[in-house]
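First the structure, in the form of structure tokens, and then the observations on it.
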Amino acid sequence: MKKHFYLVINGNAGGGTGRKAAGKIIKQLQVANIDYTTFYTDYAGHETEIVQKLAQETLIPWGEELAEEIFPLLVVLGGDGTLHSVINALQGFDSKLPIGYIPCGSGNDFARGVGIDRQAEKAFVQLLKAESPQEIQVITYVESVHDEAGLAVNNIGIGLDAAIVNAANTSASKNTLNKFNMGSLSYIFSILKVLFTQKGFPIMVEMNGKNLEFDRAFLCTVTNHPYFGGGVPIAPVADPRKPVLDFVLVERVNIFKIFWLIILLLQKKHMNSKYFHHFQSSKFRIVSTIPQYVHADGEILGKKSTDISFGTQTRTFWF
């Protein structure tokens, strides 16, 4: 089946990587004589408007028996934040609307987690070779205190995780590092900055019919694939193709033990530490009464008290 590619391009992703990658991919489309239409985002949230209009007027769900001779395929070029916006923009539409994704950000954890090549041109070749979409589980969340809800493709973090994201996103060095394809270093710098200031806080975790309480939570992350923070293997056993969530909690300990935990984390041995807690369930509820930073896929949701319920939902991706 022939395809018409509808490219939604965040040219600023990865410090300009999105625009450079788009130029190369468009040349490949022209050489291969493949029909395409481009949409460049001009401002924050523009991708939401573009995608919803396409979903209303152009895109169709994937099915085994399609009458159309040319299939309209949405292809997103951007970082995890761009993909986060797109998946939320499509939340009210058929879950079988496929999303093609070319990673152009600084972290690209979604690509790592599901097996998309993190080099944009190779990811595009991978997309061209695919003959049908794949079903991937994404995270659903409902926050009852502030009446918020949405989807996440990577993870949702409370505490240190989110504070690091906030510091990295506001870091003056991030754009400079992105130009040299070293955006992940901004997370390292942010970790060093936040480690000394983030305090432990109490949370309640509800799962599998049980309630667990932690007095000195430090890092809390709900994820459905192994990585966060630009390739850090926080939950090595997580699988984005299963309707199961992984919850990771690290307790606040003295700074020397924290650095030891980081070493264990980089060696993928952190799950053996008594200060590291890992749980799996199809649903979680987390209550934090003391305001903390919260993020979803690197997008800061605010610094606030939270009561969040998590689950999974099947979405369709083309790669």
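The values are calculated or read from the model by the stated rules, or taken from the named source; none is laboratory data. None of these values were measured; they are calculated from a predicted model. Neighbour counts run over all protein chains shown; Cβ positions are idealised from the backbone, glycine included. Accessible surface areas use protein heavy atoms only, side chains included; no ligands, DNA or RNA. Shrake-Rupley method; radii C 1.70, N 1.55, O 1.52, S 1.80 Å.
Enumerate the amide H contacts of residue 62 below 5 Å, restricted to partners 5 or more residues apart or on another chain; note that Pro and chain-start residues carry no placed amide H.
Amide H to amide H, under 5 Å and 5 or more residues apart or across chains, residue 62 pairs with 97.
Any idea what angle helix 46-57 forms with the longest principal axis of the chain, computed on alpha-carbon atoms, 0 to 90 degrees, nearest 10?
The answer is roughly 50 degrees.
In degrees, nearest 10, range 0 to 90: what is the angle between the Cα axis of helix 13-31 and the longest Cα principal axis of the chain?
Taking the Cα atoms of the chain, the angle to 13-31 is about 30 degrees.
Can you return the aspartates and glutamates within cross-link range of residue 304? Criterion is Cα-Cα under 12 Å, with same-chain partners fewer than 8 residues away left out.
Counting by Cα, and skipping residues close in sequence, residue 304 has these aspartates and glutamates nearby: 143.
With the other protein chains left in place, how much accessible area per residue, in square angstrom, belongs to the chain at a 1.4 angstrom probe? Walk me through the numbers on the way to the answer.
Details: 14460 Å² over 319 residues.
With all protein chains present, the chain gives 45 Å² per residue.
Give a quick list of GluC sites (Glu not before Pro) in the range 62-144 that DSSP marks as loop, anything other than H, G, I, E or B, with at most 16 other Cβ atoms within 10 Å. Before the final figure, lay out the partial values.
Values: sites: 64, 65, 68, 69, 121, 131, 135, 143; in loops: 64, 65, 68, 69, 131.
Within the range 62-144, the qualifying GluC sites (Glu not before Pro) (loop, at most 16 other Cβ atoms within 10 Å) are 64, 65, 68, 69, 131.
How far is helix 160-169 tilted off the main Cα axis of the chain, in degrees rounded to 10, range 0 to 90?
It works out to around 50 degrees.
Taking the dipole about the Cα centre of the chain, with the C-beta of Lys and Arg at +1 and of Asp and Glu at -1, give me whichever of 54, 229, 261 is farthest to the positive side.
261
Hey, got the dipole for the chain? About the Cα centre, +1 on K and R Cβ, -1 on D and E Cβ, debye to the nearest 20? Could you put the intermediate results ahead of the total?
On the way: 30 positive and 29 negative charges, 274 e Å.
Magnitude of the dipole: close to 1320 debye.
Give me the compactness ratio for the range 248-319, meaning the Cα radius of gyration over 2.2 N^0.38 Å.
Details: Rg = 15.5 Å, N = 72, 2.2 N^0.38 = 11.2 Å.
After normalising by residue count via 2.2 N^0.38 Å, the value is 1.39.
Separation between the residue 69 and residue 307 pseudo-spin-labels, each 7 Å from Cα along Cα→Cβ, expressed in nm?
So the two model labels end up 5.8 nm from each other.
Output needed: percent of Cα pairs per 20 Å distance bin for the chain, bins running from 0 to the one holding the longest distance.
Percent of pairs per bin, in order: 33, 56, 11, 0.
With the Cα gyration tensor of the range 33-81 in hand, give its eigenvalues times 5 under a square root as the equivalent ellipsoid semi-axes, listed largest first in whole angstrom. Write out the running numbers ahead of the final one.
Working: eigenvalues 109, 32, 22 Å².
Ellipsoid half-lengths, sorted descending, are 23, 13, 10 Å.
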